[in-house]
1. Full extension from Arg36 to Ala336: what is 0.36 nm times the residue separation minus their Cα-Cα distance, to one decimal in nm?
2. How do the peptides 161-167, 285-291 rank, highest first, by the average count of neighbouring beta carbon atoms within 10 Å per residue?
3. Suppose R0 equals 41 Å; then what is the FRET efficiency for Asp183 and Glu283 from their Cβ-Cβ distance, rounded to the nearest 0.05?
4. Calculate log10 I(q)/I(0) of the chain for q = 0.13 Å⁻¹, where I(q) comes from the Debye formula with a single equal point scatterer on each Cα and nothing for solvent.
5. Starting from the Cα of Lys25, draw a straight line to each of the aspartates and glutamates and keep only those under 13 Å, dropping any in the same chain fewer than 8 residues away.
6. Between Phe26 and Asp252, what is the FRET efficiency for a Förster distance of 22 Å, r being their Cβ-Cβ separation, to the nearest 0.05?
7. I'd like the distance separating the alpha-carbon centroids of the range 1-69 and the range 336-401, in whole Å.
8. Percent antiparallel among DSSP beta bridges with both residues in the chain, to the nearest 5?
Amino acid sequence: MNTSDKNSPFAEDTRLIHAGRAPEKFGGAVNIPPFRASTVLFPTLAALDAYDPALRSVRYGRTGNPSSHAFEAAMTELEEGHDAVSFASGLQAITSSLLAFTRQGDHVLIADTAYAPTRGFANGILSRAGVTVEYFDPAIGAGITGLLRPTTRIVFLESPGSLTFEVQDVPAIVTAVSAANADIVLMIDNTWAAGLLFKPLNHGVHVSIQSATKYVGGHSDASLGVAICARQDHWMRLKKAAVELGACASADDLFLGLRGLRSLPVRMRRHHESGIKVARWLETRAEVTRVRHPALSTCPGHDLWTRDFTGACGLFAFEMAAVPRAALAAMVDGMAHFGMGYSWGGFESLILPSNPAPIRTAKPWAGGELIRLHIGLEDADDLMSDLDAGFDRLNAALEAR
Ligand SMILES: *Cc1c(COP(=O)(O)O)cnc(C)c1O
């Protein structure tokens, strides 16, 4: 049991410095060394016979070890939960959580904002296992009651959506679902908030899932996922599923996750500040038709973000009038600071054109193609100059046609 110390007199920044550490157990070292081990030796037959089969014991590297236990304790502290299970990736945390609580004949509701690979799994393996998957309008709020069936087992949220940034009314959805059927497991992909800007478990969500590959790792060099549970019975069920599936995180990535976590609040304040600065600047640009950032009043769910979140990360998107692919290439191919690539949450800025239209099914995408930005830890003025030069290249390409 890793229950977080919500009643600690210390501020969150302070608690996250201590979370999961145990210098006295590791020769005084500040950090838990990566525990690279498959075999764990039992000194005697008596010890083997007496070994504790509890899910949190150390008996074989894959099923839990000092690295995973430390990371899970720290993430439980961050998300103010009961206990956590670590995974090799965010997607593995999501797929294992969906599998752990469903069986043939069940019905699962997923927000239309969900990360595309989450939908890929739900439409693929989960559907083939006989689970009915249905997507819902992220703005549904308490109206979710109308979609519940006697067979509904999971309601899965992602707020804000990591591509389109609509914010959901999580408290209203949780209240409505729990009142209708207390057995339904409420899950959220909390990667955008990094567990820091929004605390879903304090709003009645049962399982908060993160790709720690993103902000927790924070340096674009680890693949790591985690699911934090509010209840012991849910944790037991999920941990048992992880053991059955053979799902586990590598010791080196757990080490990097723990190391990244120490500076998460500081990095996040900078992502917040620079992200909003760049978003507001983009709003003034003639080329930009709309900025989709939850901190801006034009973003669907902005009021909910103001009510429920303590800040923003560096990930948002903007829209432009449709331009030929070659003109777009002239803009994005020549960036000095923005790299083009998937993922986000590292120290560096990224730019990624993407179109949500083919992904959405419950509520057709009313906007245009998006250019998603991750605002990293560079100087914000340098980033705006880079985008400014990009717009110049775009305009020159449009004029040259
Ligand atoms: C990246 C991402 C994931 C998957 O994480 P991996 O660690 O890459 O598997 C899940 N959800 C969201 C919102 C993401 O951005």
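1. On the way: separation 300, 0.36 × 300 = 108.00 nm, distance 3.86 nm.
This chain segment gains 104.1 nm when fully extended.
2. Values: 161-167: 24.4, 285-291: 16.0.
Peptide ranking by packing, descending: 161-167, 285-291.
3. Working: r = 45 Å, r/R0 = 1.09.
With a Förster radius of 41 Å, E is 0.35.
4. The calculated log intensity ratios at q = 0.13 Å⁻¹ are -1.09.
5. none
6. Working: r = 16 Å, r/R0 = 0.73.
Efficiency, from the Cβ-Cβ distance: 0.85.
7. 41
8. The antiparallel fraction comes to roughly 55 percent.
The values are calculated or read from the model by the stated rules, or taken from the named source; none is laboratory data. Remember, predicted model here, so these are calculated numbers, not experimental data. All Cβ positions, even for glycine, are placed from backbone atoms using ideal geometry, and neighbour counts span all protein chains on display. With ligands, DNA and RNA removed, areas are computed over all heavy atoms of the protein, side chains included. Shrake-Rupley method; radii C 1.70, N 1.55, O 1.52, S 1.80 Å.
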